[in-house]
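A short worksheet on the structure shown next.
The values are calculated or read from the model by the stated rules, or taken from the named source; none is laboratory data. The model shown is predicted, which means the values in this text are computed figures rather than measured ones. As a convention, Cβ positions derive from the backbone with ideal geometry for all residues, glycine included, and neighbour counts pool all protein chains shown. Areas reflect the complete protein model, heavy atoms only, side chains present, ligands, DNA and RNA absent. Shrake-Rupley method; radii C 1.70, N 1.55, O 1.52, S 1.80 Å.
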Amino acid sequence: MPELPEVEVVRRGLEANVVGRTIAVVTVAHPRAVRRHIPGGADFAARLAGRTFVGARRRGKYLWLPLDDGDALLAHLGMSGQLLVRPTTAPDETHLRVRFTFTDSGASTGGTELRFVDQRTFGGLALAEGGAELPAVISHIARDPLDPAFDEAAFSTALRRRRTGLKRALLDQTLVSGVGNIYADEALWRAGLHYARPTETLTRAQIDAVLDGARSVMGAALAQGGTSFDALFVDVNGQSGYFDRTLEVYGRAGKPCGRCGTPISREPFMNRSSHFCPQCQPRPRRGRW
């Protein structure tokens with residue numbers, strides 16, 4: 001599942017390539033891609049024709065492109081969704097679901113179009129009425145640690161009130177958004193905290209260390225175009241990120257910790273896995289933190 005850095009990479013690509021362009025025609029090739037737009041694909045296509053994208057925004061793992069009339073195109077990439085800017089003459093991708101042709105997309109001018117490609121069809125697009133500032137359907141999602149308006153004090157208070165395991169809380173998008181399995185493991189390694197540490201036992205300094213770790217790892221991932229373990233995550237130009245080559249714990253079970261040399265452990269967690277260093281991130285013991 002793409003996490004904050006991967007989605008932000010796509011947002012930046014959309015900002016550079018489609019903002020300011022007017023939609024001429026929308027072609028929905030698979031109805032599941034617009035299943036969240038209840039009136040259906042034909043209505044989706046008709047209502048977007050003639051609209052102009054005026055921005056590219058993100059909240060957590062959701063993207064939206066504000067339109068010139070106050071509505072927005074809302075997108076979630078799911079596990080395999082891709083928003084690609086392609087020349088109009090480029091062959092269609094096997095899993096092309098929706099095509100946006102722009103008024104300046106003519107092949108004679110070397111124009112490009114926007115394509116939503118999704119192999120597993122877990123992602124999707126929808127028209128969010130009045131959603132230019134923030135679509136109502138994602139208003140419950142919290143801000144992320146890279147957001148300038150992120151409230152550290154409020155997050156710290158809310159985190160300690162959850163009375164749950166630390167990683168479980170980090171994955172709760174109503175508490176803090178954009179942090180998924182990979183970057184949670186990496187942030188916790190940087191903070192030196194075990195994924196099962198009870199949230200109510202954390203000090204403000206430890207919470208700040210987790211936030212600093214999250215910002216550090218996600219900022220580094222952004223600089224390298226995100227994390228790509230296969231060809232499913234790419235930017236708008238179809239390029240993969242390279243941050244997986246510098247991960248400290250995720251996917252490194254049995255390999256030495258970069259700090260102390262102890263083999264990295266991997267344990268089942270919420271139908272996924274947690275990776276950690278047993279030495280640098282000691283398991284919490286009852287009554288001792």
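Taking the criterion of being open to solvent by less than 20 Å² (accessible area, probe 1.4 Å) and either assigned to a helix (DSSP H, G or I) or free of Cβ contacts under 8 Å to residues at least 60 places away in the same chain (or both), the residues of segment 10-39 that qualify are Val10, Gly13, Leu14, Ala33, Val34.
Remark: Gly70 falls outside the filter, which requires a residue to be more than 30 Å from Asn181 (Cβ to Cβ), open to solvent by 40 Å² or more (accessible area, probe 1.4 Å), at pLDDT 95 or above and of a type outside the set (A, V, I, L, M, F, W, C).
Test Thr203 against the stated conditions and say whether it is at pLDDT 95 or above, among the polar types (S, T, N, Q), out of contact with any Pro (no Cβ under 7 Å at 6 or more places or on another chain) and open to solvent by 30 Å² or more (accessible area, probe 1.4 Å). When the stated conditions are applied, Thr203 passes them. Within segment 40-53, restricting attention to residues that are in a loop (DSSP other than H, G, I, E, B) and small (Gly, Ala, Ser), the residue that is farthest from Phe122 (Cα to Cα) is Gly50.
Applying a threshold of 7 Å to beta carbon distances and a minimum spacing of six or more residues, or different chains, the list of pairs starting in segment 203-226 at a residue that is in contact (Cβ under 8 Å) with a residue 60 or more places away in the chain and within 15 Å of Gly192 (Cα to Cα) and ending at one that is among the hydroxyl-bearing types (Ser, Thr, Tyr) and in a helix (DSSP H, G or I) reads Ala214/Tyr183. When the residues of segment 43-56 are filtered to those that are under 27 Å from Pro148 (Cα atoms) and in contact (Cβ under 8 Å) with a residue 60 or more places away in the chain, which remaining residue is farthest from the chain's Cα centre (by Cα)? Filtering segment 43-56 for residues that are under 27 Å from Pro148 (Cα atoms) and in contact (Cβ under 8 Å) with a residue 60 or more places away in the chain, the one farthest from the chain's Cα centre (by Cα) comes out as Val54. Please determine, by comparing only the residues of segment 81-95 that are closer than 21 Å to Glu8 by Cα and in contact with a Ser or Thr (Cβ under 8 Å, 6 or more places away or on another chain), which one is surrounded by the most Cβ atoms within 10 Å (Cβ to Cβ). Selected residue: Arg86. When each of Phe122, Phe150 is tested for being within 19 Å of Pro5 (Cα to Cα) and aromatic (Phe, Trp, Tyr), the lone residue that passes is Phe150.
Of all positions in segment 165-187, none carries a residue that is surrounded by fewer than 17 Cβ atoms within 10 Å (Cβ to Cβ), assigned to a loop (DSSP other than H, G, I, E, B) and more than 20 Å from the chain's Cα centre (by Cα). A search for C-beta distances below 7 Å between a residue of segment 116-144 that is of a type in the set (S, T, N, Q) and any residue that is surrounded by fewer than 21 Cβ atoms within 10 Å (Cβ to Cβ) and outside any strand (DSSP E or B), counting only pairs 6+ apart in sequence or on different chains, returns Gln119/Ser80; Gln119/His95; Gln119/Leu232; Thr121/His30; Thr121/Arg32.
Residues that are modelled with pLDDT of 95 or more, of a type in the set (S, T, N, Q) and touching an Asp or Glu at 6+ places or on another chain (Cβ under 6 Å) do occur in segment 96-112. Of all residues in segment 256-283, those satisfying the criterion of being outside any strand (DSSP E or B) and among the small types (Gly, Ala, Ser) are Gly258, Gly261. Checking each residue in segment 136-164 for being within 25 Å of Ala221 (Cβ to Cβ) and not in a helix (DSSP H, G or I) picks out Ile141, Ala142, Arg143, Asp144, Pro145, Leu146, Asp147, Pro148, Ala149, Phe150, Asp151. Those residues that are in a loop (DSSP other than H, G, I, E, B) and under 21 Å from the mean Cα position of the chain (by Cα), I need them from segment 66-97; list them, please. Once the filter is applied, which keeps residues that are in a loop (DSSP other than H, G, I, E, B) and under 21 Å from the mean Cα position of the chain (by Cα), segment 66-97 yields Leu77, Gly78, Met79, Ser80, His95. Please count how many residues of segment 133-160 are over 19 Å from the mean Cα position of the chain (by Cα), crowded, with 17+ Cβ neighbours inside 10 Å and not basic (Lys, Arg). Within segment 133-160, residues that are over 19 Å from the mean Cα position of the chain (by Cα), crowded, with 17+ Cβ neighbours inside 10 Å and not basic (Lys, Arg) number 4.
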